[in-house]
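Asks: This is the structure I want to talk about, given as structure tokens.
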Amino acid sequence: MPTLFVDGSEGTTGLRIHDYLAARTDLEMIEIDPARRKEPAARAECLNAADIAILCLPDTASREAVALIENGDTRVIDASTAFRTHPDWVYGLPELQPGQREAIRQSKRVAIGGCHATGFIVAVRPLVQSGLLPTDYPVTIQSLTGYSGGGKKMIGRFEAAPPQALPICPYALGLQHKHLPEMQAHTGLLHPPLFTPAVGHFLKGMLVTVPIVTRLAPQATVAGFHQQLTEYYASEPAIRVMPLEMHDWLDEGLLDPTGCNETNRIDLCVTGHDDQMAVIARLDNLGKGAGGAAVQCLNLMLGVDEFTGLTLI
């Protein structure tokens, strides 16, 4: 039976992964002594004993964990930002392109995408690759996420405050969010997008919106974008391209950011008109945007159905 160690299992992503794996009988979990979970020697013992290790740690701690692995057998799935553009690591988004699943299956080092980045890349990469969106287009992103993505400190702050005190709060206002490098690298854009994220007073769920001004993208049309995304993801169970008839899936004109919660699904929406349009990705930031993505890659690396333990609807 394969052995699995989750390093950083007390954080939001680590706890969510444990939830996904709780009912699994095909894995043997390696547990670290809680009193020693920050000791390098104890962590090294667990890491080197595992067939697969999932790292749910800050960037520096993830690099330290990888350095503690002294054998050539332990395979690693990392949920931090540390390795997402590293040439020796496979990007952990199976739907990225043909061959990505096989690359994940065979790899010993897989880096899971960030939640904002996952929604953005899924929405934009097919449009750039097809030429419908120019590689030099001045892309902007408006992203709204639940507060669970901010870790324990942010969770505590939002849960202690009434909704009217912290309704929606923009952040990363220095415009240097840590997801920017992977957003550019895995879409083929020549320039990093202008990214303005915000956190709302709800636990999880997110909307990643990419507005497009068509006079700057001559090939861009609502119908063309919708067709390209539909064809690109036609065989992808975890990605649903919503109909152009918005009344079929909007809630009295509103798009609920929590609509994909508790699933490993991404909904893609194309909206607008001839002059202005938008592509919107909806996902669970702790699901397909974090823990669910890690489990999907884990399943591929184990050679089992990639959605084992995950929900798509």
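The values are calculated or read from the model by the stated rules, or taken from the named source; none is laboratory data. Since the model is a prediction, treat every value here as computed from it, not as a measurement. Neighbour counts are summed over all protein chains in view; Cβ atoms, including those assigned to glycine, are modelled from backbone coordinates with ideal geometry.
Asks: Hey, among the residues in region 16-41 that are of a type in the set (A, V, I, L, M, F, W, C) and touching a helix residue (DSSP H, G or I) at 6+ places or on another chain (Cβ under 8 Å), which one's modelled with the lowest pLDDT? Please lay out each step first, then the result.
Replies: Narrowing region 16-41 to residues of a type in the set (A, V, I, L, M, F, W, C): 17, 21-23, 27, 29-30, 32, 35, 41.
Those still in the list that are touching a helix residue (DSSP H, G or I) at 6+ places or on another chain (Cβ under 8 Å) too: 17, 21, 27, 29-30, 32.
On the way: ILE17: 96, LEU21: 96, LEU27: 97, MET29: 96, ILE30: 96, ILE32: 92.
The qualifying residue modelled with the lowest pLDDT is ILE32.
Asks: Restricting attention to region 213-255, report how many residues are in contact (Cβ under 8 Å) with a residue 12 or more places away in the chain, farther than 20 Å from ASP274 by Cα and in a helix (DSSP H, G or I).
Replies: Final tally of qualifying residues: 1.
Asks: Ok, one more. Output the number of the condition that GLY14 fails; it satisfies all remaining conditions of (1) without any contact (Cβ under 8 Å) to a residue 40 or more places away in the chain; (2) surrounded by fewer than 22 Cβ atoms within 10 Å (Cβ to Cβ).
Replies: Status for GLY14: all satisfied but (1).
Asks: Name the residue, out of ALA44, ALA111, ALA53, ALA67, that is at pLDDT 95 or above, buried (at least 23 other Cβ atoms within 10 Å of the Cβ) and over 15 Å from the mean Cα position of the chain (by Cα). Lay out the reasoning, then the answer.
Replies: Working: ALA44 fails: buried (at least 23 other Cβ atoms within 10 Å of the Cβ); ALA111 fails: over 15 Å from the mean Cα position of the chain (by Cα); ALA67 fails: buried (at least 23 other Cβ atoms within 10 Å of the Cβ).
Just one listed residue meets the conditions, ALA53.
Asks: Further question: When you go through (1) in contact with a Cys (Cβ under 8 Å, 6 or more places away or on another chain); (2) modelled with pLDDT of 95 or more one by one for MET246, which number turns out not to apply?
Replies: For MET246, the exception is condition (2).
Asks: Sticking with this one: Can you pull out every residue in region 76-101 that is outside any loop (DSSP other than H, G, I, E, B) and surrounded by fewer than 19 Cβ atoms within 10 Å (Cβ to Cβ)? Give the steps one after another, and end with the answer.
Replies: Taking region 76-101 as the starting set, the residues that turn out to be outside any loop (DSSP other than H, G, I, E, B) are 76-78, 90-91, 100-101.
Matches in region 76-101: GLN100, ARG101.
Asks: MET183 fails exactly one of the following numbered conditions: (1) farther than 24 Å from TYR147 by Cα; (2) buried (at least 20 other Cβ atoms within 10 Å of the Cβ). What is the number of that condition?
Replies: That leaves (1) as the condition not met.
Asks: Separate question: From THR214, THR230, which residue is in contact with a strand residue (DSSP E or B) (Cβ under 7 Å, 6 or more places away or on another chain), of a type outside the set (A, V, I, L, M) and over 29 Å from ARG84 (Cα atoms)?
Replies: Result of the check over THR214, THR230: THR214.
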